[in-house]
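The block underneath contains the structure these notes are about, expressed in structure tokens.
Values in this text are rule-based calculations from the coordinates and carry no lab data. This is a predicted model, so every value here is computed, not measured. Counting neighbours? That spans all protein chains shown, and the Cβs are built from the backbone with ideal geometry, glycine included.
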Amino acid sequence: MAKFILNKKQKYQPNVSDFLAVCGRNYAHILKWLPEQINVNEPWKINGKFGMLSINLIENTKYTQLVEISRPIPNGHFFKSPKVIVRVYHDAQLAEVLTSQQIYRLKPVYDYPNIHMHHSDEKFQVNAFLEELLKIGSLSVTYQS
């Protein structure tokens, strides 16, 4: 008679160094176009070879900034434009997604399965998505008044 050993599914352990690396790369991308002097709620656009980003500074403090980043999709009647709210930590040189689309207050780890069907590593995935979103090629910045 064969013995069956049921292994209890191991709990997901986030890889903190990978997460911090993604946040560091996002900070480097954002720093290329984030002006030193900008007013809160003064939107601007960044055009690149591979697309455009719409940016709005929501909050500005001594060591951090809260930035809303969206990438308008031309003729995007069928798709929602990707939009994230990012906390930029200048002292730690990191940029972390706080909210994305309908996900508010991203948790570090989600149990899976869950009612919203978020991945166990949803926070890492959303920050990796931001990295891809920020890759728009050479930049030209347009400030709106």
Inset, instruction - State the extension gain, in nm to one decimal, for the chain segment bounded by Asp91 and Gln125, taking 0.36 nm per residue of separation less the distance between their alpha-carbons. - result: 9.9 nm
Inset, instruction - For each of Glu36, Glu59, count neighbouring Cβ atoms within 10 Å of the residue's Cβ, then give the residues from fewest to most. - result: Glu36, Glu59
Legend entry - Cβ-based net charge around Gly137, under 12 Å, with every Lys or Arg adding one and every Asp or Glu removing one: +3
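Do any of Lys83/Lys123; Lys11/Lys123; Lys62/Lys123 go past 19 Å between their Cα atoms, and which?
Lys62/Lys123, as the Cα separations exceed 19 Å there.
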Inset, instruction - Find how many whole Å separate the alpha carbon centroid of the range 9-61 from the alpha carbon centroid of the range 70-98. - result: 7
Inset, instruction - Using label points projected 7 Å from each Cα along Cα→Cβ, tell me how many nm separate Gln101 and Lys80, to one decimal. - result: 0.6
Inset, instruction - Return the distance in nm (one decimal) between the two label points of a simple spin-label model at Phe50 and Ser17, each offset 7 Å from Cα along Cα→Cβ. - result: 2.7
Inset, instruction - Under 14 Å from the Cβ of Ile38, count the other residues' Cβ atoms, weight Lys and Arg +1, Asp and Glu -1, and hand me the total. - result: -3
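If you rank Phe19, Phe78 by fewest surrounding Cβ atoms within 10 Å, what's the result?
Ranked by crowding around the Cβ, least crowded first: Phe78, Phe19.
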